[in-house]
Amino acid sequence: LGAWPFELEWHGLDAKLEDGHLVFRPMGSLVGYDYPANYGNIQCKAHDLNLPPVCDQGSDSPSWCEEAWCYVDVNNCNVVASQSKFFPDVDDLYYSYATCSLGSTNSFDQWDMSNLDGTGMLIQRLQGYLQGSRAQIERGYESIQNWSSIEPCGFSSMCPCINCRESQGWNSTVVDTTDVGVVFRSDQSRDVVSCLSHAIATTYLRVAAKEAGNRVGYQYFGEQLAGSYVQWPNTEWCPADFDPRFRPWYAGPATGPKDVVIVVDTSGSMHDEGRSDMAREATTAILNTLSWKDFVNVVLFSSTVRATFADTLVPATYKQKEEIVKWAGWQEWEAGGTNFRHALFNGAFDIIERSVSLGRT
C-alpha cells in the first residue's frame, strides 16, 4: 500500500459492532465507548478527533488526535504501518499515518525538508506529546482509583521480554516496538501500575507510529509510590537497583530548578557500622538526581568545616558532578569531633550568601 489511492482494511472489527457503533473498551476498564461505525475505515482522516477517553480533552488531548490515518492490510502495504493495541483481541490489525501523507510523517524529516528553521516546531511538537502523556497518566490514575470500573490488568514484563527481537533500526538492541514494558521494584501498587501501563500505551504507540523512522527515542514514566517504571518500546532489561525517582528526568520536574548544599558529617564516629560508606553513597545519590538547571556544593565537616568543593554553588552539569565525586573520594571521612553549628553557619550558609551575591544560583 503506497500513497493514495489505497485499499482500506478492517480485519475483523465488525465483531466489535453493537447497535451501529464500534465499541472501544480500554484494557482493564469495564467502561466502553461508542465510536463511529467507520472508525479507521472508508477514508484517511483524523479518526480519533474528539473521541473519548483520550482525544476529548480539548487542549490536553495528545497532538496525534489531530493526525490523519487509516487501517491497512499490512501484507499489501509498502509504507510504515503499526500494529494496533486498541483492540488487542483482534489479530493482524494494523494502521498507518504514512499512507495518509504524501511525505514523511516524522517531525524531524518534515523540518529537514522544509528548508526552514524548524526548532520551534519541534519543541512545540515535543511539548504536545509530553503534555498529552502527562494528562493521560493523570486521568488514568484518577479512573483507576475508582476500582468499581477497573478489572485486573495484565502487563508486559521487561525481564524477560518474551516478544523482543533484535532490531537494526534500534542499533541492534533487542526490542518490541509493538508493546510497552514494565519493571516493578516491589509488589506495592503493582495493580495500579499494570493498568497505567495500558492507559499510557495508547499515546506511546500512537506517537511511535506517527514519528516512525530510524531515530532512536524512548518514551517512559516513573511511578512515585514504589518507583515502578513503564517504557516504550519494551526491551530486555533486568535492572538490579534502578529507581526512576532518583533520575534527573524525574527529580527535576518534580522539584524544579534548585540550589542544593550537601552537608556531610565526616567525624570519627562515621567509622562505626559503615556510616562513612553510606554517607558517600548518599552524597552520590543526591548528585545523580540533579541536572544542569540546578546548582550544588558539598560541605564536609567534623569539629570544623573540613572541606568544601568550591567557594560558591556550581552548575550541576554531568562533568561537574563527576568532578565532585572524584574530589569527595580524596577527602578524609572519619576523623575529628562533631560541630553541626559550625558546619551550617560557617559552611553552608556562607556558600549560599556568596552565591546569591555573585548571581551563581
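Quick notes on this one:
- In a residue-by-residue description of the stretch 190-208, the property of being of a type in the set (S, T, N, Q), surrounded by 20 or more Cβ atoms within 10 Å (Cβ to Cβ) and within 30 Å of VAL299 (Cβ to Cβ) applies to no position.
- Subset of the stretch 28-66 (residues that are open to solvent by less than 20 Å² (accessible area, probe 1.4 Å) and closer than 21 Å to ALA15 by Cα): GLY28, SER29, TYR35, TYR39, GLY40, HIS47, ASP48
- A residue that is open to solvent by less than 80 Å² (accessible area, probe 1.4 Å) and either assigned by the TED database to the domain that holds PRO244 or assigned to a helix (DSSP H, G or I) (or both) occurs somewhere in the stretch 328-336.
- Verdict on ALA68 being closer than 20 Å to ALA208 by Cα and of a type in the set (Gly, Ala, Ser): yes
- In the stretch 92-138, residue nearest to the chain's Cα centre (by Cα) [restricted to those that are open to solvent by less than 60 Å² (accessible area, probe 1.4 Å) and of a type in the set (A, V, I, L, M)]: ILE137
- Looking only at residues in the stretch 35-73 that are of a type in the set (Asp, Glu) and under 21 Å from ASP92 (Cα atoms), the one that is nearest to the chain's Cα centre (by Cα) is ASP48.
- In the stretch 81-91, the residues that are surrounded by fewer than 17 Cβ atoms within 10 Å (Cβ to Cβ) and farther than 23 Å from HIS21 by Cβ: GLN83
- Counting only residues that are open to solvent by 10 Å² or more (accessible area, probe 1.4 Å) and either touching a residue at least 40 places away in the same chain (Cβ under 8 Å) or over 18 Å from GLN131 (Cα atoms) (or both), the stretch 210-223 holds 8 of them.
- If you filter the stretch 307-361 down to residues that are among the basic types (Lys, Arg) and touching a helix residue (DSSP H, G or I) at 6+ places or on another chain (Cβ under 9 Å), you find that the one that is farthest from LEU287 (Cα to Cα) is ARG360.
- Residue, nearest to ASP34 (Cα to Cα), within the stretch 49-80, restricted to residues that are small (Gly, Ala, Ser) and in contact (Cβ under 8 Å) with a residue 60 or more places away in the chain: SER61
- Qualifying positions in the stretch 168-190 - in contact (Cβ under 8 Å) with a residue 40 or more places away in the chain and either part of a helix (DSSP H, G or I) or hydrophobic (A, V, I, L, M, F, W, C) (or both): GLY169, TRP170, VAL174, VAL175, VAL180, VAL182, VAL183, PHE184
- Here PHE349 does not qualify as open to solvent by 50 Å² or more (accessible area, probe 1.4 Å), more than 20 Å from LYS258 (Cβ to Cβ), modelled with pLDDT under 95 and not in a loop (DSSP other than H, G, I, E, B).
- Just one residue in the set VAL174, VAL180 is buried (at least 19 other Cβ atoms within 10 Å of the Cβ) and of a type in the set (A, V, I, L, M); that residue is VAL180.
Let's see how each residue does on (1) open to solvent by less than 30 Å² (accessible area, probe 1.4 Å); (2) among the aliphatic types (A, V, I, L, M); (3) at pLDDT 95 or above; (4) in contact with a strand residue (DSSP E or B) (Cβ under 8 Å, 6 or more places away or on another chain):
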residue	(1), (2), (3), (4)
ALA240	no, yes, no, no
ALA254	no, yes, no, no
ASP272	no, no, no, no
LEU290	yes, yes, yes, yes
THR304	no, no, no, no
ALA307	yes, yes, no, yes
VAL314	yes, yes, yes, yes
LYS319	no, no, yes, no
GLU322	no, no, yes, no
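- Residue tally, condition modelled with pLDDT under 80 and either hydroxyl-bearing (Ser, Thr, Tyr) or in a loop (DSSP other than H, G, I, E, B) (or both), over the stretch 60-77: 1
The values are calculated or read from the model by the stated rules, or taken from the named source; none is laboratory data. All figures in this text were calculated on a predicted structure; none of them were measured in a lab. Cβ coordinates were reconstructed from backbone atoms using ideal geometry, including for glycine residues, and neighbour counts include every protein chain displayed. Areas reflect the complete protein model, heavy atoms only, side chains present, ligands, DNA and RNA absent. Shrake-Rupley method; radii C 1.70, N 1.55, O 1.52, S 1.80 Å.
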